[in-house]
2 protein chains.
Amino acid sequence: MGEIRLWRARAAEYRIGKTKSAQRKFMKNPANIMALALAAALAAVARGGESAQTPDLDWREISEIGTEGQAWKGEKFPYPYARIPLKFKDNVTKNVWANSLTPTGMSATFETDSDQIWISREFLHGNPSPFWFGNSGFDLYAADKDGNFRWLATTPIARIKDNSKTYKLSSLLGGKPRMYRVYLPLRNILTSAKIGVKKGSSFKPAPQPAEKPLVFYGTSIVHGAWATHSGLSHPSAIGRMLKMPVVNLGFSGSAQMETGMAETLATIDAAIYVIDATQNMSEKLVRERCEKFLRRLRELRPNTPILVAEEATSATAWYWRDSDGPYLAPKCAAQREIVKRLQSEGDKNLHYIGGEWLFGKDGEASPDNCHPGDLGMKAMAERFAPAIEKILKK
Amino acid sequence: MGEIRLWRARAAEYRIGKTKSAQRKFMKNPANIMALALAAALAAVARGGESAQTPDLDWREISEIGTEGQAWKGEKFPYPYARIPLKFKDNVTKNVWANSLTPTGMSATFETDSDQIWISREFLHGNPSPFWFGNSGFDLYAADKDGNFRWLATTPIARIKDNSKTYKLSSLLGGKPRMYRVYLPLRNILTSAKIGVKKGSSFKPAPQPAEKPLVFYGTSIVHGAWATHSGLSHPSAIGRMLKMPVVNLGFSGSAQMETGMAETLATIDAAIYVIDATQNMSEKLVRERCEKFLRRLRELRPNTPILVAEEATSATAWYWRDSDGPYLAPKCAAQREIVKRLQSEGDKNLHYIGGEWLFGKDGEASPDNCHPGDLGMKAMAERFAPAIEKILKK
C-alpha cells in the first residue's frame with residue numbers, strides 16, 4: 001500500500017471517529033498524527049485538484065483534436081495513443097511492440113480562453129503505474145508571449161494515487177485565449193484521454209505541425225524513466241527548446257538495433273533520427289547489429305541526418321576507475337568505431353554524440369546510476385538540443 | 001499494487017509457466033511482454049542488489065557507530081533514529097513530534113576496506129513509503145582524494161518494492177581503506193539500521209564532528225519531499241558542500257514557529273539556525289508568531305547566526321501575474337518586514353534569504369509547484385551554501 005494512500009486512509013479513519021475518546025486514542029499513535037499532517041499537506045498541494053462541484057464542461061478526445069508525437073498519420077493503431085501502427089507489428093520485436101502501446105512523448109496543443117482545464121482518462125490496466133507523476137500523470141504547459149511553452153501543472157499525486165479518472169488539471173486565469181500543451185503519461189496504456197474546458201469557452205486545436213519531427217529511438221532513458229513529470233523527459237524538452245515536433249520511440253529495455261526497426265524508422269519522414277540504444281546492448285550486439293542497422297537506415301533514407309548517441313559516463317567512474325576522466329566502455333568504443341568507419345566512407349549526415357557527462361557533472365543526476373532523474377534529463381536536453389540544432393542548420 | 005511489483009509478478013508468472021502453450025498464451029498479452037521487458041531492465045539496474053550467496057558479514061548498528069545529524073547527544077529518544085528527545089515531547093506540537101520520529105538527514109561516516117557494503121534495516125510500519133528511493137532507501141557516498149563525499153549508490157528500487165530487509169547496497173573496489181557515508185531514509189520510522197561489511201575487513205567510525213552543526217528547521221521541503229535520494233535533500237547537500245555536520249529538523253506540514261519550538265531549537269549549540277517555515281504558515285500565523293519566535297530564539301542564543309528563508313517564487317508566476325519578476329506574497333512580505341525590524345533594532349546576526357528563484361529559473365524544478373524535485377533541491381543547495389558560508393566567515 002502506498003504511503004499516501006495509507007496516510008490518507010488513517011486520516012479518514014480519524015475524521016470519521018464518532019467520539020472524542022476514539023479521537024484521543026487515534027491521536028496517541030504518532031503514525032496517525034503523521035498521517036493527518038501529511039494528508040493536510042497533500043490537501044494543500046492538491047489545490048488544483050478538484051472542486052466540490054464539477055462545472056459544465058466540453059470534453060474533447062485528444063486523438064480527435066490531433067495528437068503530436070504519433071508518427072504514421074492515418075494508420076490503424078492498436079490503441080488510440082499507441083506509437084507503432086498495426087501494420088508494423090511483425091517488423092518489430094515483441095518487447096518493442098509491448099512498449100509501443102504507451103503514449104510516451106505524445107501531446108496535444110490547443111488554444112482556449114477557458115479558466116479551467118480538466119482531464120478525463122481511461123487506462124487499459126487500471127492504474128498499474130502509480131508511483132510517480134511522469135508515468136501516470138498529465139503535464140500541462142502554457143505558451144508565453146514569445147511562444148515558448150512553460151510548465152504550468154501536473155496531475156496532483158493524490159489524484160494518481162486515487163486513480164481519479166476525471167479531475168481538474170489546473171485552474172487558469174480566464175478571459176483571454178492562450179495556447180496550451182498537454183503531455184500524455186509516459187508509462188501506461190491509455191484507451192481514452194479527454195480534455196475538458198468550461199462550456200462556452202473558445203477551443204481551437206493548433207494546426208498540425210508542417211515541419212518534419214525529431215525522431216528519438218532508444219531505451220528506457222528515451223522512454224522517460226525517472227523523469228518526475230512527462231514533459232520533462234528529454235525528447236519532449238528538446239522539442240520545446242527547438243520548437244519542433246517530436247516522436248518518442250523509447251522502448252524500455254528493448255532498443256537493440258534490429259534491422260526491422262531500422263526499416264520501421266525509415267518509413268517516418270524525419271527531420272533527424274536520434275539513435276540512443278547502447279544501454280540496452282552488449283558489445284557483442286553492438287558489433288553484430290549497429291553497422292547493419294545504420295547502413296539499412298541510410299539506404300532507405302539517403303538524406304536524413306542521423307545522430308548516434310553514446311551511453312552516459314557513469315557518475316561513479318571517479319570511484320571505480322580512480323579517475324574523473326571519461327571512461328569508454330568496450331561497447332561504446334565499438335559503436336564509435338562503426339560510426340567513424342561509415343563517416344570515413346563518406347556519410348556526411350551521420351553524427352555522433354559522446355557519453356562524457358551526458359547527465360551533467362554533479363554526480364547525482366541518476367538515482368540508480370543508469371536512468372537519469374530530472375537533473376540528468378535536463379543535462380541531456382541541454383547537450384542534445386544545440387547538437388541537433390547545429391546539424392539541422394547545415 | 002505498484003507497477004514494478006505487478007510487472008515482476010507477471011514476469012514470475014511467465015517464468016514458472018510449465019508448458020510452451022502456456023508461455024505462448026502469456027506472451028499474447030502485450031502487458032505481459034512489457035512486464036518481462038521491465039523486469040529484465042530492473043534486474044540489470046539491480047546489479048548492486050543482492051548476490052546469490054550472502055557472504056560472511058560483520059554487522060554494526062548505526063546508532064552505535066555514532067550517528068551524525070541527531071542533535072542532543074546522550075538524551076533518550078523514542079526510537080534510535082528519532083530526531084527529538086523524549087524530554088522535549090511536550091515542548092513541540094503533536095504533528096512536529098510525529099514527524100520527528102523519522103531519521104531525516106541522519107548519516108553515518110566510517111572508513112573500511114571491505115569490498116561490499118550491506119544494509120539490514122527494520123521499519124516500524126513495515127514499509128509504508130515505498131514509492132521513491134529517497135523516502136525508504138539508504139544512500140551511499142564515498143570520499144574522493146580531496147575528502148569530498150560523492151554519490152556512489154542508492155537502495156535499488158526493486159529492493160524497496162520487495163521490502164527487502166537485508167541487501168547489498170554496493171559492491172566496491174576492495175583492498176584499500178576509504179571513507180564512506182550512508183544517509184538514512186527521509187520518511188520512515190526506523191527501529192534498526194545496520195551496516196554490514198565483509199568479515200575481517202577494517203572498520204573505523206569517523207570521529208564525531210567537533211564543529212557545531214548547521215541546524216535546519218522547516219517544512220516538508222527541509223524534510224526532503226521529492227528528492228529522489230536521501231543524500232540529495234538540500235540540507236544534506238549543503239552539509240557536504242561546506243563539510244559541516246547538519247541537523248535536519250524538517251517537519252512535513254508542521255513548521256509553524258511555535259515559541260516552544262524556538263525554545264527547543266535553542267537547546268542545540270548550533271553554528272547557525274536556518275529557519276524555513278513560510279510554506280506551512282498563513283499571513284495571519286506569520287504576523288502572530290514569527291517575531292515572537294525569532295525574539296525568543298535570539299534571547300536564548302544571543303550570538304548564534306539565524307538565517308530566515310522565504311518561500312520560493314512560484315515557477316508559474318509568469319503565468320498568473322503576467323510577469324517574470326519576483327512576486328512577494330503577503331505572508332512573505334510580512335516575514336521580511338519582521339526580520340528588517342529586528343535587524344534595524346541592532347540584531348547583526350539575523351539574516352534573510354529571499355525566495356526569488358530559490359528553486360532555480362528553469363520552471364521545472366517542482367513537480368507540484370510546491371516541493372522541489374532534484375532540480376529544485378540542487379538549486380536551493382547552490383543558493384543556501386554560499387549564503388551560509390558568508391555568514392559563518394564574518
At pLDDT below 85 and of a type in the set (S, T, N, Q): which single residue out of A:S171, A:S164, A:S129 fits that description?
A:S129
Taking region B:355-394, which residues are among the charged types (D, E, K, R) and either assigned to a helix (DSSP H, G or I) or under 19 Å from the mean Cα position of the chain (by Cα) (or both)?
B:D368, B:D374, B:K378, B:E382, B:R383, B:E389, B:K390, B:K393
Take residues that are modelled with pLDDT of 50 or more and assigned by TED's automatic domain parsing to the domain that holds A:F138 and tell me which of the helices (runs of 4 or more DSSP H) falling wholly in region A:1-116 contain 1 or more.
A:62-65
Return yes when A:A237 is within 22 Å of A:K378 (Cα to Cα), small (G, A, S) and in contact with a Lys or Arg (Cβ under 8 Å, 6 or more places away or on another chain) and no when it is not.
yes
A:W97, sole failed condition from (1) within 30 Å of A:T259 (Cα to Cα); (2) within 12 Å of chain B (Cβ to nearest Cβ); (3) among the hydrophobic types (A, V, I, L, M, F, W, C); (4) touching a residue at least 40 places away in the same chain (Cβ under 8 Å):
(4)
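Could you tell me whether A:P235 is surrounded by fewer than 24 Cβ atoms within 10 Å (Cβ to Cβ) and either over 25 Å from A:L124 (Cβ atoms) or within 14 Å of the chain's Cα centre (by Cα) (or both)? Give the steps one after another, and end with the answer.
Details: surrounded by fewer than 24 Cβ atoms within 10 Å (Cβ to Cβ): no; either over 25 Å from A:L124 (Cβ atoms) or within 14 Å of the chain's Cα centre (by Cα) (or both): yes.
In short, no.
Of all residues in region A:117-128, which are within 14 Å of another protein chain (Cβ to nearest Cβ) and either part of a strand (DSSP E or B) or hydrophobic (A, V, I, L, M, F, W, C) (or both)? Quick ask: steps written out before the conclusion?
Taking region A:117-128 as the starting set, the residues that turn out to be within 14 Å of another protein chain (Cβ to nearest Cβ) are A:117, A:123-128.
If the condition is that a residue be within 14 Å of another protein chain (Cβ to nearest Cβ) and either part of a strand (DSSP E or B) or hydrophobic (A, V, I, L, M, F, W, C) (or both), then A:I117, A:F123, A:L124 are the ones that fit.
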Name every residue in region A:263-294 that is surrounded by fewer than 17 Cβ atoms within 10 Å (Cβ to Cβ) and under 20 Å from A:L214 (Cβ atoms), in order of residue number.
A:T267, A:D269
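Counting just the residues of region B:161-185 that are within 11 Å of chain A (Cβ to nearest Cβ) and within 30 Å of B:A270 (Cα to Cα), which one comes out surrounded by the most Cβ atoms within 10 Å (Cβ to Cβ)? Give the steps one after another, and end with the answer.
Residues of region B:161-185 that are within 11 Å of chain A (Cβ to nearest Cβ), as a first pass: B:161, B:170-173, B:176, B:178, B:180.
Right, trim to within 30 Å of B:A270 (Cα to Cα) and you get B:178, B:180.
Values: B:R178: 17, B:Y180: 24.
Restricting to residues being within 11 Å of chain A (Cβ to nearest Cβ) and within 30 Å of B:A270 (Cα to Cα), the top hit is B:Y180.
Could you list, in sequence order, the residues of region B:303-343 that are closer than 22 Å to A:R150 by Cα and touching a Cys at 6+ places or on another chain (Cβ under 7 Å)? Break it down into steps so the answer makes sense when it comes.
Taking region B:303-343 and keeping what is closer than 22 Å to A:R150 by Cα, we get B:311-329.
The answer is B:E311, and nothing else.
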Mind counting the residues in region A:187-203 that are part of a loop (DSSP other than H, G, I, E, B) and touching a strand residue (DSSP E or B) at 6+ places or on another chain (Cβ under 7 Å)?
5
Among the residues that make up region A:302-319, is at least one of them more than 14 Å from chain B (Cβ to nearest Cβ), of a type in the set (A, V, I, L, M, F, W, C) and surrounded by fewer than 18 Cβ atoms within 10 Å (Cβ to Cβ)?
no
Those residues of region A:328-339 that are touching a helix residue (DSSP H, G or I) at 6+ places or on another chain (Cβ under 7 Å) and either surrounded by fewer than 15 Cβ atoms within 10 Å (Cβ to Cβ) or more than 14 Å from chain B (Cβ to nearest Cβ) (or both) come to a total of 5
Matching residues in region B:225-246 - criterion: being in contact with a Pro (Cβ under 8 Å, 6 or more places away or on another chain) and of a type outside the set (A, V, I, L, M, F, W, C):
B:T228, B:H229, B:S230, B:H234, B:G239, B:P245
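The values are calculated or read from the model by the stated rules, or taken from the named source; none is laboratory data. Owing to the predicted nature of the structure, the values given are computational and were not obtained by experimental measurement. In this analysis, Cβ positions are derived from the backbone assuming ideal geometry, glycine residues included, and neighbour counts consider all displayed protein chains.
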